[in-house]
Amino acid sequence: MASPPTLPVTSLNGRAVSRPATGADREAMYAISLATGDRGGDAAPLYRDPDLIGHIYAGPYLALATGGCRVLVDAEGVAGFAVGVSDSVAFADLLARHWWPALRARYPMPDPDETTADARRIRMIHDPERTPAEVTGSHPAHLHLNLLPR
């Protein structure tokens, strides 16, 4: 799968800078995933494991689609991120081979009656939703954008 072109660092109103994400940004990206994981609001009260959302919406892109990961940095640190891939189907196949197996071993499938936020995310790890071919045929790419409210 080809990586998107790397964009140069850009300044936004002299207050924030967009730059390629690195492994050093993982903790901040996971924290932002949690802080925006409840329909844009803070999902921390919903989860026992604060890393679950990041394992789905940040970690795999940072690990496997590095050319498609950018962070927005301001005076307070990482304020947001954008991750995406140009080929959603190929990326899903890559996740199936290289991302989900270790997480499935770490997070056993929850009881079918468990309805917690953690259980719902763990089910996503075990049975990730695939974008329908009717969508990927004409719209093969996808993007996740998470920004803190500052």
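Assign unit charges at the C-beta atoms only (+1 for Lys and Arg, -1 for Asp and Glu), then state the dipole size of the chain relative to its Cα centre in Debye, rounded to the nearest 20. Each step should come with its number before you reach the end.
Details: 14 positive and 17 negative charges, 74 e Å.
The calculation lands at about 360 debye.
Please work out the FRET efficiency for the pair V135 and H98, using the Cβ-Cβ distance as r and a Förster radius of 35 Å; give the result to the nearest 0.05. Please report the intermediate quantities before stating the final value.
On the way: r = 23 Å, r/R0 = 0.67.
Between V135 and H98 the formula returns 0.90.
Report the label-to-label distance for A24 and D74 in nanometres (one decimal), using points 7 Å from each Cα along the Cα→Cβ vector.
With each label point 7 Å from Cα toward Cβ, the separation is 2.1 nm.
Among 40-46, 26-32, 143-149, what's the highest-first ranking by average C-beta atoms within 10 angstrom per residue? Intermediate values should be presented prior to the final figure.
Working: 40-46: 13.0, 26-32: 19.1, 143-149: 15.1.
My ranking of the peptides, most packed first, is 26-32, 143-149, 40-46.
Accessible area of R97, 1.4 Å probe, to the nearest 10 Å²?
R97 has an accessible surface of roughly 150 Å² with all protein chains in place.
Taking a 1.4 Å probe, which of T116, T36 shows the most accessible area, and what order do the others take after it?
On the way: T116 45, T36 20 Å².
The ranking, largest first, comes out as T116, T36.
What accessible area per residue, rounded to a whole number of Å², is obtained for the chain using a probe radius of 1.4 Å? Show your work: numbers first, answer last.
Values: 8570 Å² over 150 residues.
Dividing the accessible area of the chain by its residue count gives 57 Å².
Please list, ordered by chain and number, the residues whose modelled amide H lies under 5 Å from the amide H of G80; skip anything fewer than 5 residues away on the same chain.
L72, L148
So, with a 1.4 angstrom probe, what is the percent of accessible area on the range 11-150 that is carbon and sulfur?
On the way: 4350 of 7720 Å².
Reported share for carbon and sulfur atoms: 56 percent.
Return a whole-number percent for the relative contact order of the range 5-150, with Cα pairs under 8 Å and 6 or more residues apart as the contact set.
Values: 203 pairs, mean separation 39.5, N = 146.
Here the relative contact order equals 27 percent.
The values are calculated or read from the model by the stated rules, or taken from the named source; none is laboratory data. All figures in this text were calculated on a predicted structure; none of them were measured in a lab. Here the Cβ is made from the backbone with ideal geometry for all residues, glycine too, and neighbour counts use every protein chain on show. Heavy atoms of the whole protein, side chains included, go into the accessibility calculation; ligands, DNA and RNA do not. Shrake-Rupley method; radii C 1.70, N 1.55, O 1.52, S 1.80 Å.
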